[in-house]
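Quick notes on the structure that follows.
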Amino acid sequence: MNSSAPLSSEKPGPAVEQDQPTTAPAGTCTVTPIETESDFEQQTSSLPPSCLAVVYFHAPWAEPCKQMSTILSTLASTYAPGDPQRIAFFSLDAEEVSEVSEQYDVTQVPLVVLQKDGKVVESITGTDASKVRNAVEKHAGSPVAGNPGKAGLPPAQKVTKPAPSVALDDKPEDGPHTNGSSGGGLSKYAPDAKDPATAPEYSSGETNGASQEELNARLSELVKAAPVMLFMKGTPSAPQCGFSRQTVSMLRDKGIRYGFFNILADDEVRQGLKEYSEWPTFPQVYVGGELVGGLDILKEEFENDPEFLKDYMVQGKTGGPAAADQQAQPA
């Protein structure tokens, strides 16, 4: 089964550690984890022009990526490093290295990009092992006969519904802390004083004890707080992930006036909205209280209809957040 997870549509599964080098037989290639944009630039620019770079974008919450990680590590182990080098494998967390993801227009994972001399020659989505192998062999040649690596790739498997887990920005931390205090991941973020208030004043490590019914009632009001509502990581003036940044930029360029809610400042909304909308990743865009989707869906809507959201455009002006008194307010 060829499975892929749109970065704003696939239910998150168990977090998968995909950023560690895979153990492989001596004298074979491995998948090198990339943690920063500068690291990616340094690694790829040092390759010979004839070397094929296999660039793998993944997300820890996406179950299909677990299978693709196995496929690529196995494929890498069938190639010898060689001199000059003819193939190199890299893995990137699409949300952590968001600048590179934007450069390659990543909207779903897993995504495997093949490039030579800085130019993309082919892209593959999904988890079809034979498709990935054929594409790599097409541009890099078959593995050297007698290579001590593993003999073959695992067949594509059906991806079952993942068990409940946390999304990328919901990694366990040492304990409750006020938004902006010590802690891991994006929870360190604190909205700027200039930004309109968009979340309750209790911390992301606390809850207000609301029942599910009360929470759903609150969410029902929040998604209708403005004609166009954006639930994002961070604020328009300080987006905290590449996909939120792209969404803000798109709405601004299209001249759309919108309300927004910083889901990083309110854990109850962040978790509850995933179930309420059955759309477990962010950003999320609502129009008239109805879910449109994430970044990829928004792109498709504008590509299919240039006048999409025309009724919410500010004529002759750049789009952006509505005034503070029109933003979603604490309950």
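Values computed for the structure shown
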read-out: Residue order for W61, W279 - accessible surface, 1.4 angstrom probe, largest first; value: W279, W61
read-out: Residue order for K299, K274, K138 - accessible surface, 1.4 angstrom probe, largest first; value: K138, K299, K274
read-out: Distance (nanometres) between label positions extended 7 Å along Cα→Cβ at S130 and Q212; value: 4.3
read-out: Given K233/K299; K119/K254; K116/K299; K224/K274; K233/K274; K233/K310, the pairs whose alpha carbons are separated by over 22 Å; value: K119/K254; K116/K299; K233/K310
read-out: Distance in nm between pseudo-label sites at S45 and E301 (7 Å out along the Cβ direction from Cα); value: 3.9
read-out: All-pairs Cα distance distribution in segment 32-140, expressed in whole percent, bin size 10 Å; value: 15, 52, 31, 2
read-out: Cα centroid separation - segment 228-267 against segment 103-139, whole Å; value: 29
read-out: Estimated inter-spin distance, D83 and V121, nm [label 7 Å along Cα→Cβ]; value: 2.3
read-out: Per-pair calculated FRET efficiency, R0 = 35 Å: H139 and E275 via Cβ, rounded to 0.05; value: 0.25
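The values are calculated or read from the model by the stated rules, or taken from the named source; none is laboratory data. Predicted, not measured: the structure shown is a model, and the values here were computed from it. Every residue, glycine among them, receives a Cβ derived from its backbone with ideal geometry; neighbour counts consider all protein chains shown. For accessibility, only protein heavy atoms count, side chains too; no ligands or nucleic acids. Shrake-Rupley method; radii C 1.70, N 1.55, O 1.52, S 1.80 Å.
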